1. Quick one: is Pro462 touching a His at 6+ places or on another chain (Cβ under 7 Å) and touching a residue at least 24 places away in the same chain (Cβ under 8 Å)?
2. Which one is surrounded by the fewest Cβ atoms within 10 Å (Cβ to Cβ), of the residues in the range 672-700 that are touching a Lys or Arg at 6+ places or on another chain (Cβ under 8 Å) and either within 22 Å of Arg647 (Cβ to Cβ) or of a type in the set (D, E, K, R) (or both)?
3. From (1) within 30 Å of Lys29 (Cα to Cα); (2) at pLDDT 80 or above, pick out the condition that doesn't hold for Glu83.
4. Restricting attention to the range 302-328, which residues are out of contact with any Pro (no Cβ under 9 Å at 6 or more places or on another chain), more than 25 Å from Cys424 (Cβ to Cβ) and either modelled with pLDDT of 65 or more or aliphatic (A, V, I, L, M) (or both)?
5. Restrict the check to the range 153-160 and report whether at least one residue is surrounded by fewer than 20 Cβ atoms within 10 Å (Cβ to Cβ), in the same structural domain as Ala286 (by TED's automatic domain parsing) and in contact (Cβ under 8 Å) with a residue 40 or more places away in the chain.
6. Quick check on this structure: which one of Glu552, Glu563, Glu587 is more than 28 Å from Met662 (Cβ to Cβ) and at pLDDT 95 or above?
7. So which pairs qualify, if the first residue must be in the range 360-372 and without any contact (Cβ under 8 Å) to a residue 12 or more places away in the chain, the second must be in a helix (DSSP H, G or I) and among the polar types (S, T, N, Q), the Cβ gap must be under 7 Å, and the two must be at least 6 apart or on different chains?
Amino acid sequence: MRDFVEHARGLRRPLNQAGFDTRAFHRTKEAYANYFDEYFKVTRDRLGAHLQDFDFSGRLELWNDIEIGKINFFVDGAQEIYEGLAPLNIPGYVPYADPPELNDAVLKGALLAFQRSKQHSSGVELGVDPLAMARDNTSATLNLTPVHSRAGQLALIRRWIDMQSVLLEKLKHHPRVARIIKVRIVTDIVSFCDCLVTRSVAPGAPQEMDGLDRLVAAESQSAAPIVDFVAASHFDAELQMARRVRDKIGAHLEADDAYTLEALLSDLDAYDLGQGAAFYKRALAAFIKLCHSVIFLKLYAADGRRIYGVTSNSRVAPFSGEALPAAQRPLPPPVNDEQAYHQNLGRWLDGDEEQREEARQFFWNAFLGSEVVEPIEEAEDLGSGNRFWTKQYRKMHAFVASALTRDHLSDADFAGLLELILSCSRGDPYPLAELLVRQVERLSKFRQSLVCYALGEIGSSPHASVISFLNARTQSPLWGMRLAATLALFKTFVQSEGILRANNKERRAADFGSFVDRLIAPMTDAELLICSLAFASNLTGRGLNYLLRWFEADYKALQSRIEALCLPYLKDDAAADKAKLLRQLIETYDYVGVALMVAVELESDPRKLLREELLDSCCRGEIIAASHDQAGRHLAMCFYLKKLHARALEIARDIADRNPDMIPAQILVAQIMGDMPGAEEDTKQVIRGIRRSYKLDVAHEAVLAHVEQEITSRGAA
C-alpha cells in the first residue's frame, strides 16, 4: 500500500506535464494515503518491511488492528484510484482485470488447505515471539528487556520464514504467486540478519538498531556463536545480495524511473533462493547455538515446541472478525479402546513428527490410566526385612506385549515399539519392564539383546523377573548378548543405588566396586576394555550423569582402569604424546574417542578382532558419545571406518548444521561424501557451497582440493 501511494504520487507530475486534468485523481489518492497513514503505515514499517522495536502493548494493538475488512477496503481503494485514470484517456492505459489466479480453483484449494492446516492444529505450543499472545492455543512468554525482545523478534521471523517456505513449496507451480512469496521470504531473511547482527549505518539513521550480538555482549555474555560465524563466513556479501532484492522489490517497490518493472522482476527471478535459504539456515543455526550457550536465552531455542498435559483453548479473535467459537470441555482420551490402540500405534510407527508426538501422549496416558488387568506384587529386601508393594499391569501393557511378539513384525517396527516404551518410561517404569520380559523367550537372540538395552534404560529395580532375565543373559555364549545384559545390570544398579545415596546422605546399600567386579569377573582383557569403556561412557552420559557425584571415587578408579587397559595398545613415542592424548580424552568423557584411538592403533595389528569390536560397540551405542562435538566427530569416524557412510554423514551434517561458525565441521561433511561412490556431483556441489560461503585459508583449500582429487581419481579408474 505504501508503494502504491508513492507510485500514484509520482504519476501525477508527468500527467500534469502532458496536459491531463488530475485534480480528481489527486483528491482520491491523497484521501487513500491519509487512510493508509492512519490505519496501516506504522504496521507496515514496524511489522512488515522491517521488524523493529516497539513496546509490547503497542505491538499487540497493531496486530489486532489488522482485519480482512480493512484490507479489502484498501484493495478496493487502490482499484478505484487506478480505474479513475480511465476517463483521462491516457495512451497505453489498460483496463483493470482480475488476475486469473483469483479464479484458479486449484490455487484456491491449496490456499484453503494451508489455512486449515494452521487453524486445526491441536495441542498447545510454546510461543516466545512478540505476537505469541495473538495466536490460539499458545503459552506465551513476555519479552520485556532489549535482549529478550530482540530474541523474540528473531523467533517471530523464523516462524514467518518457515510458514512461507511451506507455502512456496505448495504453490511453486503458480509462478506469479510464487514470486510474491519469494520476495516475502527474501525480505524476512534480511530482517532476520539485521536483528541478529548489528548493522553498520550512519549514527541516527532510521535503520540504526542493536543486533542480538551487541545486546548479548551488553549483558556481559559471550556472543561468540554469532561473532565467529560472521568472521568465518562471507556473511556481509551474502546478505547484500538479498538486500539488493529486498530494497527494490521487497520492503519497497523501486519508484525510480531508471528501473522498469520487467527489470525488477528479472532481478527477483535471478536471485537464487536456494542459496539464500542456505545462508538463512546458517544464520538461524548461529542464533540457536547462541540461545543454547546463554542461559537466559535457552527458551528461545524451544519456540514452537508442543506442550503436553495442557488443554488447548481457542480465545483469539480471527482477522475475519467472526465470533469466537464456544469453549468446549475436552473429552478424556479413549485409554481403554483397543481400536484407538491400533490407530495410535500406526501413527507412532508410520506417521510424521506431529502424529508421533500425539501418539506418544496417547500411550503415556493409557500406560498410566487404562484398566488394570493384573496386580503384580514385588518384595524389596531392606536388609533388616522386606517391604512388599504392588504395581498395576494394565490393558495397554498387555496390548504392547502382544504387539512385540506379533508374527511378521519387522525389526524396524520392533525397534519402534521399544522406542515408544522408552519414551514413556519416566511415568511408571515397572510395568513397562515387566511387559518386556513376559514373552521375551519367544523372541530371536538379536531382539533379546535389544530388550536388554531397553531394560537398562528403564532401570526398573527392584524387579525380580527383570534381574533374573538379565543374569541369565550374562551367561550367553554370544558376546553381544553378554555385553548388553551386563550393561543393563550396571545401569539399573547405578540408577537405584545412586538415587538411594542421594536421598539418604550418601548411605550406601551396595558397594560399586564389588558389584562391578562380579559383572566383569569372567571377561577377557579385550572384553574388559570394551565393558569398562561402556560403563564409563554411560555413567557420564545424559541418562546417568546426574548421579555421577555419588560415585566420584568409583568413577576415578574406573578411569584409572581404562587408562591401564589402553596403554599397552598404544605405540607411543618418547614424549608419550599418545598417553597424554588418552588422558585428555578420558578427562573430557570422550570414551568413543578412546575406543577410536585404540582401534586406529590396531589397524595393522593381528588383534583386529578387538578393533572391530570397539568400533561396533560405538556404532551400536554401547559405548555412547559424550554430548560435545568432539565426541560426535569421533563417533562419525567410527561409522566411517566401518564403511557405514550414510550414518557417518548424518552425524557430520548434524554437527556442521549446529556449528555454522566452524569451518572444519563443514569440510568434514565434504570429506565423508567424497568417499561415497555415487555422490561425486553432490560432493562437488557441497565444496562449491563451502567456498562460496566461507573464508578459507590455505590449509582448508588443501583439504578440499584433496577431496576433489580423490573424486577425479575414482572417476578415471
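1. No, not satisfied.
2. Taking the candidates together, the pick is Pro677.
3. Only one criterion in (1) within 30 Å of Lys29 (Cα to Cα); (2) at pLDDT 80 or above is unmet by Glu83, namely (2).
4. Matches in the range 302-328: Asp303, Val316, Ala317, Ala323, Ala326, Ala327.
5. Yes: one or more hits.
6. Checking each option against the conditions leaves just Glu563.
7. Sorted first by the residue in the range 360-372, then by its partner, the list stays empty.
So that you can scan it fast, the table gives a plain yes or no per residue for (1) of a type in the set (Ser, Thr, Tyr); (2) crowded, with 18+ Cβ neighbours inside 10 Å; (3) closer than 15 Å to Asp661 by Cβ:
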position: Asp210; (1), (2), (3): no, no, no
position: Leu215; (1), (2), (3): no, yes, no
position: Pro225; (1), (2), (3): no, yes, yes
position: His234; (1), (2), (3): no, no, yes
position: Glu238; (1), (2), (3): no, yes, yes
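The values are calculated or read from the model by the stated rules, or taken from the named source; none is laboratory data. Because the structure is predicted, anything quoted here is derived from the model rather than measured. No Cβ is skipped: glycine too gets one built from the backbone with ideal geometry, and neighbour counts run over all protein chains shown.
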